[in-house]
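Engineer: Questions regarding the structure given below will be posed in turn.
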Amino acid sequence: MVGMTGKKTPAVTGAGGREEAPPLPRRFGLTANGYGSLSRQFPSTPRGARLARRTVVRQLGYWGFGPMTDASCSVALVVAELAANAVCHGRPRGRNFHVRVDYEGPASRFRIEVSDAVLGRTPEHATLPPGDQESGRGLFLVECLATKWGWEPRNPIGKTVWAEVAAGPPAGGA
């Protein structure tokens, strides 16, 4: 194991002689009032969209929403769809997209925002495409899961698509 000084240090061994994992970095949990926030940029690639969804699910776990809870599944699907749209329709070369997820405990909701650098392609009303079309259902899914959603111009360039998803308190009643 390499420490912060760059020197190799012996790994800590636990019960049974097995090597223990190094301690996890400190994660940001919910505040005493029940608020939490995650804000991060991702590369405008399919891999970046997958990473955004995984990062959000992991953060929700730290907040007490396990990966199989209704809230976590709903937020993950909304993030996945909005991030996929940002990658497919809002990716000028060399620009990242931004994801922000806020949990507002007293209001029992998540607010999800995905921002990209293209203003010209704005989301339309959510409609289902013909049955034989392979894509085009993302915003329909977002509309089904969100209590409300919309978009707004982003300063200085681009747009932010947002959605609000209802959620109860996290496990453990934080």
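Engineer: Pop a pseudo-label 7 angstrom from the Cα along the beta-carbon direction at both C88 and L141 and give the gap in nm to one decimal.
Structural biologist: Here the modelled spin labels are 1.0 nm apart.
Engineer: Shifting gears a bit: Tell me the label-point distance for the pair L119, T55, using the 7 Å Cα-to-Cβ offset, in nm and rounded to one decimal.
Structural biologist: It is 2.5 nm.
Engineer: Using the beta-carbon distance between S39 and M68 and R0 = 35 Å, what value does 1/(1 + (r/R0)^6) give for FRET efficiency, to the nearest 0.05?
Structural biologist: Calculated value: 0.90.
Engineer: Compare H89, H98 by solvent-accessible area with a 1.4 Å probe and give them largest first, with all protein chains kept in place.
Structural biologist: Sorted by accessible area, descending: H89, H98.
Engineer: With viscosity set to 1.002 mPa s at 20 °C, what whole-number translational diffusion coefficient in µm²/s follows for the range 30-73 from Stokes-Einstein and a Kirkwood radius over Cα pairs?
Structural biologist: 188
Engineer: Any chance you could run the full-extension gain for D102 through T31? It's 0.36 nm times the residue separation minus the Cα-Cα distance, nm to one decimal.
Structural biologist: Gain in length upon complete extension: 24.4 nm.
Engineer: Using Cα-only point scatterers and the Debye equation, what is log10 of I(q)/I(0) for the range 56-108 at each q in 0.17, 0.26 Å⁻¹, rounded to two decimals?
Structural biologist: Each listed q maps to, in turn, -0.60, -1.02.
The values are calculated or read from the model by the stated rules, or taken from the named source; none is laboratory data. Since we're looking at a predicted model, the values are computed, not measured. Quick reminder, even Gly has a Cβ in these numbers, built from the backbone with ideal geometry, and neighbours come from all protein chains shown. For the accessible areas, the whole protein counts, side chains as well, though only heavy atoms, and no ligand, DNA or RNA atoms are used. Shrake-Rupley method; radii C 1.70, N 1.55, O 1.52, S 1.80 Å.
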